[in-house]
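Q: Would you mind keeping the following structure in view while I ask a few things?
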Amino acid sequence: MISLAQRTRYLNIWLGCLPALLAIVAYTVSTEHFNSVRATLSTDDFLGTLGGLLATVTDAETGQRGYLITGRQEYLVPYESALKVVDGQLSQTERRAIAAGVPRSEIERLHQVTTEKISELRRTVDLRRTKGLQPALQEVNTGRGQRYMDE
C-alpha cells in the first residue's frame, strides 16, 4: 500500500507538471487559432482581388460595348483604363490565390479565361475600328465573350 507521504509526493509532482501541460495545450490551441485566422485573411485578400479583377474586366467590357454601339472614341476610356491594369491585377490575384490554397488548375483556368476575354474585347474593338460595326457584332454574336465572363 502507498503511504500518505508517497501519495502527497505524487500529487505534488502532478501539480508541478500541470502548468507545463496547460501551457502546451494553450500553445497548441493558440497556434491553431492563429493559423485559422491567417487562412481566413488570406482567403479574404484573394476574394477581394478577384472582385477587383472582375470589376476591371467588366469596365473593359462596358467601354467596348459603348464603342461598338456608337463608334465614338470617348466610350473607350474605361476599356483603355482597364487594359492598363488588368495584367497587374491578374498577377496579384494569382499570387493571392496561391496563398489562399486555391488549386493550381483553377488558377491556370482563371488566367486562361481572363486572357481570352481581354483578347475577345480587343478583337471586337479592332474589328469595329478597321472593318465597321457588322464584323464586330458578328464576333460578339458568337457568344464567346459571354462564356468567358460566365466562367
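The values are calculated or read from the model by the stated rules, or taken from the named source; none is laboratory data. Note that the structure is predicted; figures quoted are calculated from it, not measured. So basically every Cβ, Gly included, is an ideal-geometry build from the backbone, and we count neighbours across all protein chains shown. Ligands, DNA and RNA are stripped out before the accessible areas are found, and what is left, the full protein with its side chains, is counted by its heavy atoms. Shrake-Rupley method; radii C 1.70, N 1.55, O 1.52, S 1.80 Å.
Q: Please build a GNM for the chain, connecting alpha carbons under 10 Å apart, and tell me which residue among TYR75, TYR67, TYR27 fluctuates the most.
A: TYR27
Q: At 7 Å along Cα-to-Cβ for each site, give me the label-to-label distance between VAL77 and ILE24 in nm.
A: Going from the VAL77 label point to the ILE24 one covers 6.7 nm.
Q: Something else now. ARG9: accessible area at probe 1.4 Å, nearest 10 Å²?
A: Surface open to solvent at ARG9 totals about 130 Å².
Q: Out of these labelled values of semi-axes √(5λ) of the Cα gyration tensor in Å, (1) 63, 13, 9; (2) 42, 16, 13; (3) 40, 16, 10, which was calculated from the coordinates shown here?
A: (1)
Q: Please determine, in degrees from 0 to 90 and to the nearest 10, the orientation of helix 104-131 with respect to the longest principal axis defined by the Cα atoms of the chain, where the helix direction is its Cα long axis.
A: 20 degrees
Q: Rounded to the nearest percent, how much of the accessible area of the chain (1.4 Å probe, protein heavy atoms only) is carbon and sulfur?
A: Details: 5970 of 10050 Å².
Here it works out to 59 percent.
Q: When the chain is treated as a GNM, springs tying every alpha-carbon pair under 10 Å, which of ALA82, ALA97, ALA55 comes out with the largest mean-square fluctuation?
A: ALA55
Q: Provide the per residue accessible area, probe 1.4 Å, for segment 6-151, rounded to a whole number of square angstrom.
A: On the way: 9490 Å² over 146 residues.
Dividing the accessible area of segment 6-151 by its residue count gives 65 Å².
Q: A further question follows. Which angle between 0 and 90 degrees, to the nearest 10, do you get for helix 77-99 versus the longest principal axis of the chain when only C-alpha atoms count?
A: 20 degrees
Q: Less than 9 Å Cβ to Cβ from LEU110, Lys/Arg counted +1 and Asp/Glu -1: what total charge do the surrounding residues give?
A: On the way: positive: ARG109; negative: GLU94, GLU106, GLU108, GLU151.
Neighbour charge sum, excluding LEU110 itself: -3.
Q: Dipole magnitude of the chain about its Cα centre, charges +1 at Lys/Arg Cβ and -1 at Asp/Glu Cβ only, in debye to the nearest 20? Could the numbers behind the result be given before it?
A: Numbers: 18 positive and 17 negative charges, 48 e Å.
That gives a dipole near 240 debye.
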